[in-house]
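A.B. asks: Got a structure for you, written out below as C-alpha cells; questions coming shortly.
The values are calculated or read from the model by the stated rules, or taken from the named source; none is laboratory data. Values in this document were obtained by computation on a predicted structure and should not be read as measured data. Cβ sites come from the backbone with ideal geometry, for glycine too, and all protein chains shown count toward neighbours.
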Amino acid sequence: MPVIKVSVKWSGKKFDDIEIDTDDAATVFKATLFSLTGVPPDRQKIMVKGGMLKEETDLNSLGIKAGHQFMMMGTAGELPKEPPKKTVFLEDMSGSELAQAMEIPNGLVNLGNTCYMNATLQTLRAIPELQDAMKQLSVPLSSNPRQNIAVSLRDLYRLLDTTPEAVPPLVFLQVLRSAFPQYAEQSARGGYAQQDAEECWTSLVSSLKDTVPGKDNEGKWVKPSEGRGWVEEYMTGEMEHTLTCDEDPNEPKKISTDTFSKIQINISQGVVTYMASELEQSLTSSLEKRSESLDRNAKYTQKSAFSRLPAYLAVQFVRFQWKPQEGVKAKILKRVKFPFELDMNPYTTKELAEKLKPGRDYVRKRADEKEAEKKKSKAEKRDASGEVKKSEPQTSGGDPMDVVQTSKTVEQVYGEIGLATELRTDIGASVTGIYDLIGVVTHIGRTAEGGHYIGWVRKGLTDDWFKFDDDKVSPVRTEDITKLEGGGEYHAAYICLYKTRSLLD
C-alpha cells in the first residue's frame with residue numbers, strides 16, 4: 001500500500017500530514033509520534049478500530065485511508081516520581097537504583113530522531129581502549145570542529161560513567177551538527193530528520209582518526225600528526241590486491257595496498273546471506289581495462305587478501321539501496337547470518353597467515369582445554385558421591401585455566417609461542433586473527449532515514465548483553481542476539497563490531 005498522510009490529535013494539539021507506510025511495523029509509526037510529541041512509545045495509547053494500537057498490530061488490517069485522524073493519549077517526558085523511600089526491596093527501587101543494583105549501564109536520551117547517534121555511541125563505548133586514549137586529550141572545546149568530536153565524546157563517556165540517570169547528549173549533538181551539517185537536516189514534517197547510523201559511525205571514526213592519540217613502542221602517547229593515532233592502530237586494517245591479466249599470463253602482476261576502517265558485506269540474491277561466504281566471494285573480482293602488453297582492453301582478475309588485521313573489526317551489511325523514484329534509501333530485508341566467533345585467517349595473505357598461526361593455535365588450544373575443563377566439572381557435579389579427585393587442583397574462581405593464564409604476561413606468552421617480531425611491535429594489531437562479536441547496531445523500519453536504531457553491547461565475553469534503546473537499557477541474552485539477522489519487520493543487524501581474541505582471554 002502506498003504511503004498515506006494522516007493526522008493525530010493529542011493533548012489538545014493536532015498534527016497534520018504525518019506520513020505512514022502501512023507496510024511498516026506499528027513500532028515505526030509510534031517512533032514517529034515520539035519524535036513529534038515526546039510521548040515514549042510505551043506510554044502511547046492510540047485508539048484504533050477494535051481497541052488500542054499494539055506493537056504487533058498489522059497496519060494494513062486497520063483499513064486506514066488518507067486523512068484519517070488518530071486519537072492519542074499519553075504523557076510526554078518523565079512521569080512524576082514518588083518521594084524517595086528507605087527500602088532495599090527491588091520492586092520499590094527507582095529505575096536508576098535498580099540499574100545500579102543490577103549493574104545496568106545508563107542510556108542516552110533521544111533528542112528528536114537521534115537514535116542513530118545514540119546506538120552508534122553506545123556500541124563504540126564497548127571499546128575500553130578508545131576511552132583510555134581519549135582521556136589523554138587534555139584540550140577543551142575549541143574552534144576545531146573535528147577535534148571537538150573527540151573532546152565532547154570524551155566528556156560524554158565520563159558523564160555516562162558517573163551519572164546514574166540517562167544522559168541527554170546535548171553538547172555532543174551540537175558539536176556533531178557543527179562538524180557535519182548533514183545531521184542538522186530538517187524533515188518535511190518539521191523537526192530534525194532521522195539519519196543513517198552507518199554514516200554517523202563513519203563520521204565519528206574519521207574524526208577520531210585525526211585527533212585521538214596512539215602509542216609508540218615505548219608506551220608513550222603520540223598525536224596522529226606525529227605518528228600513528230589510535231584509530232589507525234586499533235581500527236584500521238590493510239588489504240593487498242593482486243591484479244592478473246587473464247589473457248596474457250606473461251604480463252607482470254600488479255600488487256597494490258590500501259587501508260580500511262570497516263568491512264562492507266553485500267547482501268546476496270538468495271533467501272539468506274552468510275557473512276563468511278559473502279566475505280570470501282568479495283575478495284575476488286573481475287574487471288576490464290587496457291593492457292600494456294596486448295595494447296588493447298583485456299579482462300583482469302583481482303584477488304584481495306588482508307595484510308593487517310586491527311584489534312577491532314567493524315562489519316557493515318549493505319542493507320540500503322537508493323531508489324531514485326521514491327528518493328529514499330530503501331532497506332533490503334533479507335536475513336544475514338553473522339557469526340559470534342569470526343576467524344579471519346582464511347582471508348589473509350600467506351605472509352600474515354604464517355605470522356598469525358602461533359597465536360591462532362594457542363587460543364584454539366586454550367579454548368579446547370577450557371571447554372574440556374567445563375565438561376569435566378559438570379560431570380563431577382553430576383557424580384552422586386559429590387567427591388572431587390584430590391589430584392586435581394580446585395580454585396575458588398571456577399576455571400583452573402584462568403588462574404594458570406593470569407599468572408603469565410603477554411610478553412611471556414609471546415616468547416612461549418614464538419610470535420613474530422612484526423606482530424609484537426605492531427600496536428593495536430590482532431595477533432590471533434580470531435574475533436568475538438561484542439556489539440551490534442540494528443535497524444527496524446523500511447528506510448535508512450526512517451525507522452529506529454538500537455545498540456546491543458556484550459558484557460565481557462559472557463552470554464549477557466545489554467540492549468540500548470535510547471534511554472531505556474535492558475539486559476538480554478545471547479539467544480536474543482541471534483534473532484537480529486533480519487528477514488522481516490524485526491530488528492536487523494546493520495553494523496557488527498568484533499574484538500580480536502587476546503592470548504590472555
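A.B. asks: So for region 126-149 (the condition being out of contact with any Lys or Arg (no Cβ under 9 Å at 6 or more places or on another chain), surrounded by fewer than 18 Cβ atoms within 10 Å (Cβ to Cβ), modelled with pLDDT under 95 and at positive phi), does at least one residue qualify?
C.D. replies: No - not one qualifying residue is present in region 126-149.
A.B. asks: I need every pair where a residue in region 295-306 that is touching a residue at least 40 places away in the same chain (Cβ under 8 Å) and within 17 Å of Lys350 (Cβ to Cβ) has its Cβ under 8 Å from the Cβ of a residue that is of a type in the set (Asp, Glu) and in a strand (DSSP E or B), sequence separation at least 6 or different chains.
C.D. replies: Every condition considered, the pairs that remain are Ser304/Glu240; Ala305/Glu240; Phe306/Glu238; Phe306/Glu240.
A.B. asks: May I pose another question? Within region 3-45, which residues are of a type in the set (Lys, Arg) and farther than 24 Å from Asp469 by Cβ?
C.D. replies: Of all residues in region 3-45, those of a type in the set (Lys, Arg) come to 5, 9, 13-14, 30, 43, 45.
Listed by number, the residues that qualify are Lys5, Lys9, Lys13, Lys14.
A.B. asks: Now a separate question. Quick one: Ala179 ticks every box in (1) out of contact with any Lys or Arg (no Cβ under 6 Å at 6 or more places or on another chain); (2) under 24 Å from Gly455 (Cα atoms) bar one, so which box is it?
C.D. replies: (1)
A.B. asks: Considering only region 307-324, state which residues are part of a loop (DSSP other than H, G, I, E, B), closer than 16 Å to Glu278 by Cα and of a type in the set (A, V, I, L, M).
C.D. replies: So in region 307-324, the residues part of a loop (DSSP other than H, G, I, E, B) come out as 309, 311, 318-319, 324.
Adding the requirement that they be closer than 16 Å to Glu278 by Cα leaves 318-319.
Correct list: Val318 only.
A.B. asks: Quick one: in region 406-425, of everything that is out of contact with any Lys or Arg (no Cβ under 7 Å at 6 or more places or on another chain) and part of a loop (DSSP other than H, G, I, E, B), which residue is nearest to Ala314 (Cα to Cα)?
C.D. replies: First, pick out the residues of region 406-425 that are out of contact with any Lys or Arg (no Cβ under 7 Å at 6 or more places or on another chain): 406-413, 415-419, 421, 424-425.
Checking the rest, the ones that are also part of a loop (DSSP other than H, G, I, E, B) come to 407-409, 418-419, 425.
Numbers: Ser407: 32, Lys408: 30, Thr409: 28, Gly418: 29, Leu419: 25, Thr425: 23 Å.
Only one residue tops the list, namely Thr425.
A.B. asks: Separate question: Would you please list the contacts, defined by Cβ atoms under 9 Å and residues six or more apart or on different chains, that run from a residue in region 18-41 that is farther than 23 Å from Leu333 by Cβ to a residue that is assigned to a helix (DSSP H, G or I) and of a type in the set (Val, Ile, Thr)?
C.D. replies: Ile18/Thr32
A.B. asks: Go through Ala298, Ala276, Ala311 for me and flag whichever is under 20 Å from Asp343 (Cβ atoms) and in contact with a Ser or Thr (Cβ under 7 Å, 6 or more places away or on another chain). Quick ask: steps written out before the conclusion?
C.D. replies: Details: Ala298 fails: under 20 Å from Asp343 (Cβ atoms); Ala276 fails: in contact with a Ser or Thr (Cβ under 7 Å, 6 or more places away or on another chain).
Only one candidate passes the filter, namely Ala311.
A.B. asks: Would you mention how many residues in region 426-454 are assigned to a loop (DSSP other than H, G, I, E, B) and at pLDDT 95 or above?
C.D. replies: Filtering region 426-454 for residues assigned to a loop (DSSP other than H, G, I, E, B) gives 426-428, 430-433, 445-446, 448-451.
With the extra rule that they be at pLDDT 95 or above, the set shrinks to 426-428, 430-433.
Adding up the residues that qualify gives 7.
A.B. asks: When region 152-182 is examined, which residues are found to be of a type in the set (Phe, Trp, Tyr) and buried (at least 21 other Cβ atoms within 10 Å of the Cβ)?
C.D. replies: Filtering region 152-182 for residues of a type in the set (Phe, Trp, Tyr) gives 157, 172, 180.
Passing the criteria: only Phe172.
A.B. asks: Can you tell me which residues in region 299-328 are crowded, with 17+ Cβ neighbours inside 10 Å and basic (Lys, Arg)?
C.D. replies: Arg308, Arg319
A.B. asks: Tally time: how many residues in region 469-488 are touching a Lys or Arg at 6+ places or on another chain (Cβ under 9 Å) and under 25 Å from Asn110 (Cβ atoms)?
C.D. replies: The number of residues fulfilling the criteria is 8.
A.B. asks: Please list, ordered by residue number, the helices (runs of 4 or more DSSP H) wholly in region 118-236 having 1 or more residues that are without any contact (Cβ under 8 Å) to a residue 40 or more places away in the chain and of a type in the set (Phe, Trp, Tyr). Please lay out each step first, then the result.
C.D. replies: Values: elements: 128-134, 145-162, 170-179, 197-211, 230-234.
Helices (runs of 4 or more DSSP H) meeting the threshold: 145-162.
A.B. asks: May I pose another question? Exactly one of these conditions fails for Val231: (1) closer than 30 Å to Asp132 by Cα; (2) loosely packed, with under 14 Cβ neighbours inside 10 Å; (3) of a type in the set (A, V, I, L, M, F, W, C). Give me its number.
C.D. replies: (2)
A.B. asks: Now a separate question. Please tell me if Lys215 is buried (at least 16 other Cβ atoms within 10 Å of the Cβ), touching a strand residue (DSSP E or B) at 6+ places or on another chain (Cβ under 7 Å) and more than 19 Å from Phe468 (Cα to Cα). Steps first, answer last, please.
C.D. replies: Working: buried (at least 16 other Cβ atoms within 10 Å of the Cβ): yes; touching a strand residue (DSSP E or B) at 6+ places or on another chain (Cβ under 7 Å): yes; more than 19 Å from Phe468 (Cα to Cα): yes.
Against the criterion (buried (at least 16 other Cβ atoms within 10 Å of the Cβ), touching a strand residue (DSSP E or B) at 6+ places or on another chain (Cβ under 7 Å) and more than 19 Å from Phe468 (Cα to Cα)), Lys215 qualifies.
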